[in-house]
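Take a look at the structure below.
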Amino acid sequence: MTPDQLAQIHSDAFMHERSWQAAEFAELLAKPYIQCLTAAGGFALIQTFEDEAELLTLAVSPAHQRKGIAQKLITRWISTSDASTAFLEVAADNSAAIALYSKNGFRQSGLRKAYYKRPSGLAVDALLMTRAFTRG
C-alpha cells in the first residue's frame, strides 16, 4: 500500500481522532525497522528494535470491519516477529481494540492518564499493553 492509501484507511478508521498523514507514513516506511503488514482494507504498522516490537497503529476501514482483518494482521505479526516482547497502547474507550488485544494475549502493563485528546476537548487515558512472543 502507498502512503496515500495508508493515510486514507487511517482517516476512515479514526474519523473522530487526528489521523496520520501520507507524509508521516512515508517517513516511517523509509526506516529500516518499520514493517507494514497489509490486508484488504487494513494494515498494521510495527516498529521493531532488538527484541522488542511495538504496534504503532492498526487500522481497518469501516467497510471492512467485523470481517476478521484486524485478527489476521495481529496473528501475522505474532507469528512472524523475531521479537521476544511486544507492546502497544490503546485508548481506554476503544473496547473493540482492547478485546482484540486481550484475546491475543496482551495484558495491561501501564496507564497514561489523559493521553489522547479528543476534538471535543475530552482527554482519554491510554492503556499500555504487553505480551511475550515466542521468537521465530
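Based on other C-beta atoms within 10 Å, arrange 27, 89 from fewest to most.
Fewest to most other Cβ atoms nearby, the residues stand as 27, 89.
Please state the charge dipole magnitude for the range 3-132, taken about the Cα centre, from unit charges on C-beta atoms (+1 on K and R, -1 on D and E), reported in debye and rounded to the nearest 20.
500
If the chain between residue 21 and residue 47 were fully stretched, how many nm would it gain, using 0.36 nm times the residue separation less the Cα-Cα distance? Intermediate values should be presented prior to the final figure.
Details: separation 26, 0.36 × 26 = 9.36 nm, distance 1.77 nm.
Using 0.36 nm per residue and subtracting the Cα-Cα distance, I get 7.6 nm.
Which of these, 81, 120, 61, has the largest mean-square fluctuation under a Gaussian network model of the chain (Cα springs below 10 Å)?
Comparing 81, 120, 61 in a Gaussian network model of the chain, the most mobile one is 120.
Within the chain, how many Lys pairs sit with Cα atoms under 25 Å apart, leaving out pairs fewer than 8 places apart on the same chain?
Lysine pairs meeting the criterion: 4.
Can you check what the Kirkwood hydrodynamic radius comes to for the range 3-132, Cα pairs only, in Å to one decimal?
Hydrodynamic radius (Kirkwood, Cα pairs) of the range 3-132 is 15.1 Å.
When the helix-only estimate is applied to the chain (DSSP H runs of n ≥ 4, each -39,500 (n - 2.57), divided by the residue count), what is the mean residue ellipticity at 222 nm, nearest 500 deg cm²/dmol?
Calculated from helices alone, the mean residue ellipticity at 222 nm is -8500 deg cm²/dmol.
Arranged from highest to lowest average of other beta-carbon atoms within 10 Å per residue, in what order do the peptides 7-14, 49-56 appear? Intermediate values should be presented prior to the final figure.
On the way: 7-14: 19.2, 49-56: 15.4.
With the highest mean Cβ count within 10 Å placed first, the list reads 7-14, 49-56.
Coordinate-derived values only; no laboratory data. Computed from a predicted structure; not experimentally measured. Here the Cβ is made from the backbone with ideal geometry for all residues, glycine too, and neighbour counts use every protein chain on show.
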